[in-house]
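In what follows, a structure is listed as structure tokens, so that the remarks can point back to it.
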């Protein structure tokens, strides 16, 4: 692992491998940190082509050249790191912390509320977006709202509240989001990255069609194994019409990931480990 990562002794646990969490993983990986992603057994990921969480369904995926592999055991985690991969483990409560120690824990669940993360979970705990108070629930909060403060690191206080409205793209915001018309399973009629025309059937939910609101490309669609409920976000149409956007991490995700890397490299408790690696075989944070 020493040859693969610059900081093999500074392990990072990222809870949540969705769109934004994957931007965090990408930035940390590129900066030289071994990262483990924990997820649920049915991740609610829409932008699956750029989400490390997709490894839960596919066992192995690549996101911009980084291989993510589903693992079940600690030994498999260590082997994945030795290969230069990102291990992904089904572990919603992050119980892996009882078996492996981590210098950093990042809450990228994006539940808009704290679902159980504590400031004592690791020497450095970072949380994304609303629902957390820096200095109380975690050490640092990274802003996830688009605008002038996107990606900014707060060492006290909270991120901006969730507006519930996606960012505008070519004048479209709420219209970009596809929602389930009823409960059931999604049956795709279009693949992610394909161009669609207005009113084209993208998928069905329990037999009821979901249509494209305007011409563009299908940017994301929830996995068919997920049982969805009425009104739940299940897809995303991009009016810009460029299929390449469906297979690269977004500017927003990368900005947030950069904020997390800033938090890691600027935290005094982590800088100590960067300067003074633990001796071989020693249990490290």
task = Hey, can you tell me all the residues within segment 29-49 that are under 15 Å from the mean Cα position of the chain (by Cα) and farther than 18 Å from residue 226 by Cα?
result = 29, 35, 36, 37
message = touching a helix residue (DSSP H, G or I) at 6+ places or on another chain (Cβ under 9 Å) and either part of a helix (DSSP H, G or I) or modelled with pLDDT of 95 or more (or both): which single residue out of 79, 4, 88, 56 fits that description?
response = 88
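Could you list all residues from segment 184-209 that are farther than 22 Å from residue 53 by Cβ and either surrounded by 14 or more Cβ atoms within 10 Å (Cβ to Cβ) or at pLDDT 95 or above (or both)?
Within segment 184-209, 189, 195, 196, 197, 198, 199, 200, 201, 204, 206, 208, 209 qualify.
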request  = Examine segment 168-179 for a residue that is part of a loop (DSSP other than H, G, I, E, B), surrounded by fewer than 17 Cβ atoms within 10 Å (Cβ to Cβ), under 19 Å from the mean Cα position of the chain (by Cα) and not assigned by TED's automatic domain parsing to the domain that holds residue 233, and state whether such a residue exists.
outcome  = no
key: Options 133, 204, 163, 144: the member that is touching a strand residue (DSSP E or B) at 6+ places or on another chain (Cβ under 8 Å) and over 25 Å from residue 37 (Cβ atoms)   = 204
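Take residue 104 and tell me if it is under 21 Å from residue 5 (Cα atoms) and either more than 16 Å from the chain's Cα centre (by Cα) or surrounded by fewer than 23 Cβ atoms within 10 Å (Cβ to Cβ) (or both).
No: the conditions fail for residue 104.
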ask   = Name the residues in segment 262-285 that are assigned to a loop (DSSP other than H, G, I, E, B) and modelled with pLDDT under 85, would you?
value = 276, 277, 278, 279, 280, 281, 282, 283, 284, 285
request  = Out of 267, 212, 244, report the one residue that is free of Cβ contacts under 8 Å to residues at least 40 places away in the same chain and outside the structural domain of residue 193 (by TED's automatic domain parsing).
outcome  = 244
query = So which of 220, 231, 259, 235 ends up being surrounded by fewer than 17 Cβ atoms within 10 Å (Cβ to Cβ), touching a strand residue (DSSP E or B) at 6+ places or on another chain (Cβ under 7 Å) and either at pLDDT 95 or above or farther than 25 Å from residue 58 by Cα (or both)?
reply = 231
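This table checks each residue for (1) under 16 Å from the mean Cα position of the chain (by Cα); (2) farther than 23 Å from residue 171 by Cβ.
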site: 223; (1), (2): yes, yes
site: 229; (1), (2): no, yes
site: 242; (1), (2): no, no
site: 245; (1), (2): no, no
site: 248; (1), (2): yes, no
site: 254; (1), (2): yes, yes
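For segment 101-116, enumerate the residues that are over 15 Å from residue 37 (Cα atoms) and touching a residue at least 40 places away in the same chain (Cβ under 8 Å). Steps first, answer last, please.
Pass one, segment 101-116, residues over 15 Å from residue 37 (Cα atoms): 111-116.
Hit for segment 101-116 is 112, nothing else.
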ask   = With respect to residue 174, is the statement that it is at pLDDT 95 or above and farther than 30 Å from residue 137 by Cα true?
value = no
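The values are calculated or read from the model by the stated rules, or taken from the named source; none is laboratory data. As the structure is a prediction and not an experimental result, all values here were calculated from the model. Here Cβ is always computed from backbone atoms with ideal geometry, including for glycine, and neighbour counts include all displayed protein chains.
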